[in-house]
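Read the structure below first, then the notes.
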Amino acid sequence: MVWMSRVVYRKYGNFVDNLRLYVKGGSGGMGLPRLGGQGGKGGDVWVVTKEAVTLKKVKDKHPQKRILAGAGVNSSVRALKGDKGEDQLIFAPPGIVVTSDDQKVLGELNGVGEKVLVARGGHGGTFHTGYLPSRGQARHIRLDLKLIADVGLVGFPNAGKSSLLTKLSHAKPHIASYPFTTLRPELGKIVYPDYRQISMADLPGLIEGAHVNKGMGHKFLKHVERTRQLVFVVDVCGFQLSPKTPFRSAFETVQLLIKELELYNEELLSKPALLVVNKMDLTDTELKLKELLGQLQDPEGFYHTLPKDMVPRHSVTFKDVLPVSAATGLGVEELKTCIRHTLEQEAAMESKELCRERLQALRVAAQPPKLRDPPVCADTLGLTRNSTS
C-alpha cells in the first residue's frame, strides 16, 4: 500500500499545471555626458508559447525560478548609442494564462507563437535623465495552464471516462478499477473518416466539494473552463466514492455534477452538454436507464428526493442522452457522430451571430449623421432685428 502511494505521488508530481516565477527586466545602460551618448535599453522578459513544451520542462529549465534579462550596453566613444540588452524568452505550452501576484491578467496565450511582455527593461541614460539609466521592471508572475480542448469529459471517479477516451480516440490513459486512476488531464484526438479531428480531454475525477477545492478541486475545474463542449459521464448503476460516503444514484450523480460546476462558475452551465450513461453492459441496466430518462424529463419534480445542498439553482438541458458501454463499444460510434454534430451546430450558430453583429456595425457606420438645426449667429440676429425695425 505504501509502495502504491509512492508511485501515485511520483506520477502526479510529474504533471505541473501552475508555476510561479520571478522575472526582472534588464537595467538600462549608462549615457556618456561628455559626448551626449545614450545608453542602451535593458532587455525584456517575454512568455512565448511553443509546441512540445510543458510547465514541468519550464520548471526544470529554471530551477531557481528566476529569469533575468540582460542589461543595456553603456554608451561609449565608439558607440554613442549603446546596444539593447538581451531579451529572455520563457517558452510555455499553449493554453496558458499569465497573471501577476495581485491577480491581474497579463495575457492569455492560446495559440503557438503568441507572446506577452511580463517584465519591461529599463531605459538607457540620456540627457533628460542626467545620463543615468533606470532599472528594469521586477515582479512575480504565475503561469496557469488551463487545458484547451473541444470536448471535456466530466464525471466522478470510476465513471469510465478513461475507458471511453480510449474507445473514442488513440489516447492510452491508465485504466484501473480504483478511484482517482486519472491524476492528470489526458488528451486524445477523435479522427473521423474524412480526417476531421476533434480534441477530447479526460479530466481528473472530481468529488463532492470540489468547488471549495476538496480533492483535486480547482485543479480539475479550471480545465473545464477551456473546453467548448461538456460530456457528462455517469455510471448507470450509481456512484459511491468509499464506504464512508453516501451512495448516489445516476440521477443524483448528474445533479451533483451540475451543482459542483454551478458553485465554481455558473458560466460553465451555458456550454453545450451531452450526457453519456456508461456501463450499459451490466445487468438490469435497461430499467435503470428508463428510470433516469424519466427523471431527466422533469428534474424539478424529483428535487424533493435530493438533499437541499445538492439541488442546483439552474438545470441543464442536455442536447442528447446516449447510453454506451466503454467496455463493449456499445453506442460509441453514435457518440462520436453526436459530438461532431453538436460542435458543428454550435460553430454555425456562433458564425451566424458574428455575421449579424458585423452587419449591424456596417449599417450603423453607413448611416448619415443626423441633421441638426444650424447654429444661429448673434450678429445675424442683430441684423435681423435692425432690418425689422
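Where a number appears in this text, it was derived from the coordinates with a stated rule and is not lab data. Worth saying up front: this structure is predicted, and the values here are computed from it rather than measured. Positions of Cβ are backbone-derived with ideal geometry, glycine not excepted, and every protein chain shown enters the neighbour counts.
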Q. Trypsin sites (Lys or Arg not before Pro) within the range 82-124: which are DSSP loop residues with at most 15 other Cβ atoms inside 10 Å?
A. LYS104
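Could you pull out the trypsin sites (Lys or Arg not before Pro) across the range 293-338 that fall in loop regions by DSSP (anything but H, G, I, E, B) with no more than 10 other Cβ atoms inside 10 Å?
Those satisfying the criteria are ARG313.
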Q | Reach of LYS259 by Cα under 19 Å, taken over lysines that are not fewer than 8 positions away in the same chain | A | LYS214, LYS219, LYS222, LYS271, LYS308, LYS319
Q) Measuring from label point to label point, each 7 Å out along Cα→Cβ, what is the GLU86 to LEU187 span in nm? A) 3.0
Q. Pulled fully out, how much extra length does the chain show between LEU289 and VAL364, if you take 0.36 nm times their separation in residues and subtract their Cα-Cα distance?
A. 21.7 nm
Q | Loop sites in the range 47-150: chymotrypsin sites (Phe, Trp or Tyr not before Pro), DSSP, at most 11 other Cβ within 10 Å | A | none
